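Quick notes on the structure that follows.
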Amino acid sequence: MPSKTTTSSSERMKEEKVVYYSLWDVELEGELEGCVPVYDDCSEIRRKIRVLQKTPGFKVSHWLKNIGNINSNSLRRFLNQSGPSTGAGNTIYYRAYIYFEKKRIFEGKTKSTKRIDNEHRYPNGFELKTRNYVRFVE
């Protein structure tokens, strides 16, 4: 009779580890339905885009095409805005978030402390629209 062997959780995690050959092989939960929850605010995505733009050999036009045929005017408008929620309605915000999340997973990096905090504060992710502020004058 064969003996039963138990595997520890660390051994199971090693077995379940997925190998990706490309950043584009990473599939996020909800991506096919177009409803990936976004846990980085607009300011964080703008920061990541600016860092990416400084990468040697980086071509904005190629990147915009790869993340969903985004118009360069949308990128310019998004980068010219400021604030954590300003620009959330811009397509580049959602598409860039997906790109950076896939890149993080592909590179095997962990989630930042701010990202983990946002997951707890906003379990469904940030709204994908710019908040309208109403000013009352008395």
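Quick notes on this structure:
- The charge dipole of the stretch 38-101, taken about the Cα centre with unit charges on the Cβ atoms of Lys, Arg (+1) and Asp, Glu (-1), comes to about 320 debye, rounded to the nearest 20.
- Residue pairs, from the table Lys54/Lys129; Lys65/Lys103; Lys65/Lys114; Lys48/Lys129; Lys48/Lys102, whose Cα atoms sit over 23 Å apart: Lys54/Lys129; Lys65/Lys114
- The length gained on full extension between Arg50 and Lys111, counted as 0.36 nm times the residue separation minus their Cα-Cα distance, comes to 20.0 nm.
- The stretch 48-129: C-alpha gyration tensor shape, a/c 1.5 cut-off, then a/b vs b/c: oblate
- Accessible surface of His62 - all protein chains present, 1.4 Å probe, nearest 10 Å²: 110 Å²
- Annotation for the stretch 55-113: trypsin sites (Lys or Arg not before Pro) lying in DSSP loop with at most 11 further Cβ atoms inside 10 Å of their Cβ are Lys59, Lys109.
The values are calculated or read from the model by the stated rules, or taken from the named source; none is laboratory data. Small disclaimer: the values here were computed from a predicted structure and weren't measured. A quick note on method: Cβ atoms are made from the backbone with ideal geometry, for glycine too, and the neighbour counts reach across all protein chains shown. These area figures cover heavy atoms from the full protein model, side chains too; ligands, DNA and RNA do not enter into them. Shrake-Rupley method; radii C 1.70, N 1.55, O 1.52, S 1.80 Å.
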